[in-house]
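Here the structure is laid out as structure tokens; the discussion comes afterwards.
The values are calculated or read from the model by the stated rules, or taken from the named source; none is laboratory data. Model, not experiment: these values are computed from the prediction. Backbone-built Cβ (ideal geometry, glycine too); neighbour counts: all protein chains shown. Surface areas here come from the heavy atoms of the whole protein model, side chains and all, with no ligands, DNA or RNA. Shrake-Rupley method; radii C 1.70, N 1.55, O 1.52, S 1.80 Å.
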Amino acid sequence: MDTNGSAQMLDILDKVAPAEFVPASPHNFVVRPGESVPAESVLGDPDVSLHCLDDEQRLAYFVQAPPGVDLAGGSFFYLDQYRAAQRLITVPYDTLHRLADGLPDPARLILVYSVGRCGSTLLSRALGEMAGVRSYSEPDVFTEIALLRHEDPSRDAEYARLIRSCVRVLGNAGGGGCGTLAVKFRASGIQLGDLFHQVFPDARSVFLHRDARPWLESMHQGFTPHLPDPQAQLAFLRYVLAQAPLIMPFVAGHERQPTPTEAYMLTWLSVLDRYRTLRRDGVPLLPVAYEALDADPKATLAAVLAHCGLPADGVDAAHGTFAADSQEGTLLSRASRRSNPAPALGAEDFAQARAVLAELPVVDPGDPLVRGLIET
């Protein structure tokens with residue numbers, strides 16, 4: 001990579017991501033070097049979008065998609081980018097920051113945190129139907145920053161600068177700024193909640209959650225049939241640990257790896273624990289229960305729009321997205337779950353879940369969040 005501010009094109013020879021839900025990474029591609037181009041070209045091209053980071057080489061990776069392919073508003077931004085990628089473009093961190101310094105912040109920033117399997121993808125797509133809103137579901141530059149922070153928490157000033165630069169680049173993709181940028185994170189994104197509040201104190205933040213038992217059942221149905229094979233496990237494990245920091249104390253205490261059910265519950269508890277810490281530290285987040293979104297979607301959407309400063313008359317357009325499967329075309333889609341069903345959780349699974357809840361009292365046994373699980 002030329003350090004004078006140019007960008008390096010990379011021709012893609014093969015795509016080798018070991019599993020669909022493994023986060024974006026340079027290692028998911030086999031490439032050969034192409035030409036150097038002006039760094040500013042990554043901002044002016046509507047077919048180029050920020051994809052991932054290589055922190056060891058201090059490079060930001062952009063994807064070049066076919067002309068006219070709009071990747072915003074899809075089920076999973078990182079996956080749509082991976083599938084559509086024709087070429088990659090890299091710029092050094094310093095160049096990324098220089099480019100971002102010349103861009104404005106989004107006029108409005110909406111941050112959607114969640115425990116996963118709770119309607120967050122649906123909400124992301126609904127927000128994207130609002131006039132003037134560009135909505136991204138799981139841009140993995142932030143997944144990478146959460147991982148880096150988990151492994152080295154001493155670099156918060158660098159992570160904060162990366163957050164600002166990545167938000168500005170995403171919000172000004174294609175050379176045109178958007179009035180409102182909405183970012184829905186993977187579950188690990190909440191581990192960056194304090195840094196986002198530090199960098200963007202006026203951002204409107206939402207936290208989606210779901211009761212423990214239906215959440216556990218949904219995780220099992222969606223992910224257990226697709227757990228990564230040994231080739232993917234090591235890469236994926238790093239992200240799981242960043243998402244669920246309660247796993248390592250569990251491993252140390254039990255001197256074994258958690259079962260899938262235990263790992264799911266440790267993730268649920270880790271995210272809830274982080275949410276409550278953020279609230280206690282003064283980070284404003286609107287809690288939204290999946291159960292409310294499911295029972296009264298229009299009223300719940302109206303409350304979210306009001307919290308985010310979006311016009312109430314957009315609720316019908318947002319609600320219109322609820323008729324479709326927000327994860328169509330992915331392993332988490334309804335069709336995929338029907339064709340490859342997981343066996344029902346058994347008594348032993350629920351016993352394991354209750355044991356994790358009892359061992360880590362993040363949630364009081366009387367909390368409605370654990371109804372239907374504690375009593376099982």
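In this structure, the amide hydrogen of ALA182, modeled 1.01 Å from its nitrogen in the peptide plane, lies closer than 5 angstrom to those of ILE110, ARG134, SER135, TYR136, counting only residues at least 5 positions away or on a different chain. Given the options GLU40, GLU359, GLU217, which has the most mean-square fluctuation in a GNM of the chain, springs set between C-alpha atoms less than 10 angstrom apart? Of GLU40, GLU359, GLU217, the Gaussian network model singles out GLU359 as fluctuating most.
In this structure, GLU35 and ALA342 have a Cβ-Cβ separation that, at R0 = 41 Å, corresponds to a calculated FRET efficiency of about 0.30. For the range 77-206, the dipole from Cβ point charges (+1 on Lys and Arg, -1 on Asp and Glu) about the Cα centre works out to 360 debye, to the nearest 20. Spatially, the range 292-339 and the range 124-142 are offset by 12 Å when compared through their Cα centroids. Per-residue ellipticity at 222 nm computed for the chain from its helices equals -12500 deg cm²/dmol, with DSSP H segments shorter than 4 residues left out and the rest contributing -39,500 (n - 2.57). With protein chains left intact and a 1.4 Å probe, residues in the chain average 41 Å² of accessible area per residue.
Remark: the range 226-376 carries a charge dipole of roughly 240 debye about the Cα centre, counting +1 on each Lys and Arg Cβ and -1 on each Asp and Glu Cβ. Would you work out what percent of the accessible area of the chain, with all protein chains in place, is carbon or sulfur (probe 1.4 Å)? Carbon-and-sulfur percentage of accessible area, whole number: 52.
Seen from a random direction on average, the alpha-carbon convex hull of the chain projects onto 18.3 square nanometres. Two tests apply to each whole DSSP H helix in the chain, Cα reach of 27 Å or more along its axis and mean Kyte-Doolittle hydropathy of at least -1.0, and the ones passing both are 260-280. Values of log10 I(q)/I(0) for the range 77-119 across q = 0.20, 0.28, 0.30 Å⁻¹ run -1.02, -0.95, -0.96, by the Debye formula with one identical scatterer at each alpha carbon and no solvent. Computed on the chain, with alpha-carbon pairs under 8 angstrom and 6+ residues apart, the relative contact order is 18 percent. Diffusion coefficient (Stokes-Einstein, Kirkwood radius over C-alpha pairs, 20 °C, 1.002 mPa s) for the range 175-245: 141 µm²/s, rounded to a whole number.
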